[in-house]
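Bear in mind these aren't lab numbers, they're just calculated from the coordinates by the rules spelled out. Everything numeric in this text was worked out from a predicted model, so none of it was measured. Every residue, glycine among them, receives a Cβ derived from its backbone with ideal geometry; neighbour counts consider all protein chains shown.
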Amino acid sequence: MKQSKSVDYQAIIDEVYAEVKSLDLQGKVADYIPELAKVSSEKYGICLVDNQGNTFTAGDAEEPFSIQSISKVFTLTMVFHAFKSKLWHRVNVEPSGNPFNSIAQLEYENGIPRNPFMNAGALVITDALISKFENAKEKIATFISDIAGCTNIQINGEVLMSEMDHASRNRAVAYFLKAHQNIENENIENLIQTYIYHCSMEMNCVDLARSFSFFADQGYSRYCDRQILTPSQTKRLNALMLTCGFYDESGEFAFRVGLPGKSGVGGGIAAVLPGKFSIAVWSPELNTKGNSLRGIKTLELITDKISFSLF
């Protein structure tokens, strides 16, 4: 990894923020969840947190938004060490090449999701959490609040209800997994509710960047002062985010940006440069793959302007 004596992160973020705003990128706010369609397409925020705890922001960095699939990283982290090799018999670690809510792939692969970040894989992970914890929802909320260094991580009730009303495909995926004996718990509706619960969490860019900081610091979170994952586990989850974190655009993201990260259809992206920083970007307009247009462009420009990289 190339090293640099010092980097003016604030100047870089300010420069990139202005440049991306001037591009007038045109995407589409997610509307298959009606509540998400109400969010203004003009929203745009950036927060970078370095490994010394310094915080640099631009735009709407302190406005909460629905993190959606970014929550899948947190739930995977919670069960990663608890189930060890057993977990990887239930979920694979390969890029999917298919949409995040694909059912067809499960048919070909006998009910084993291609990776933990597809909806099917995240449902298996959520099922594992329900098996492990008596009150899985409370444990998830507490964990995310702890690693973000705050106690105010909230669920957006309107988004939760909107998703529950439009969860037919996720229910179909859950029952298909159950038919292949890859769901342990009998109550499928509780599984769906718990899954949508963590997807409906609201965070701002500052909270999100802080919550991802342990991925940049060998598994250690300065915000709750504890080791979340071992360095070896952290390396493996970073590898998963690099190869599978952006739906069926993961290869393109790795090529253009080259950072481990995870996106959500709420327009958020969280990413890390191990040993250096974590970063969160939010802009609701998505490309055809379900990733934030401004978010990807922002991260591409930032990695071009800094003098060190993952590779």
Dipole magnitude (debye, nearest 20) for the chain, charges at Cβ of Lys, Arg, Asp, Glu: 980 debye
Difference of contour (0.36 nm per residue) and Cα-Cα distance, SER309 to GLU109: 68.4 nm
Helix-only [θ]222 nm of the chain, DSSP H runs n ≥ 4, -39500 (n - 2.57) each, per residue, nearest 500: -14000 deg cm²/dmol
Cysteines without a disulfide-compatible neighbour (Cβ-Cβ under 4.7 Å), the chain: CYS150, CYS199, CYS224, CYS244
Gain upon complete extension [LYS235, PHE255; 0.36 nm per residue less C-alpha separation]: 5.3 nm
Cα-based reach from LYS132 at 20 Å (exclusive), listing aspartates and glutamates while leaving out same-chain residues under 8 positions away: ASP146, GLU184, GLU186, GLU189
GNM top mover of THR243, THR126, THR77 - the chain, alpha-carbon springs below 10 Å: THR77
Cα long-axis angle, helix 188-199 against the chain (0 to 90 degrees, to the nearest 10): 0 degrees
Burial ranking of peptide ranges 247-260, 129-142, 206-219 (average Cβ count within 10 Å, highest at the top): 206-219, 247-260, 129-142
Rounded, prolate or oblate (a/c below 1.5 giving rounded, otherwise prolate when a/b exceeds b/c) for the stretch 51-93 by Cα gyration tensor: prolate
Cross-link pairs LYS137/LYS297; LYS38/LYS235; LYS38/LYS72; LYS72/LYS305 - those with Cα-Cα distance over 31 Å: LYS137/LYS297; LYS38/LYS235
Dmax and Rg, reported as Rg then Dmax, of the chain (C-alpha, Å): 18.1, 56
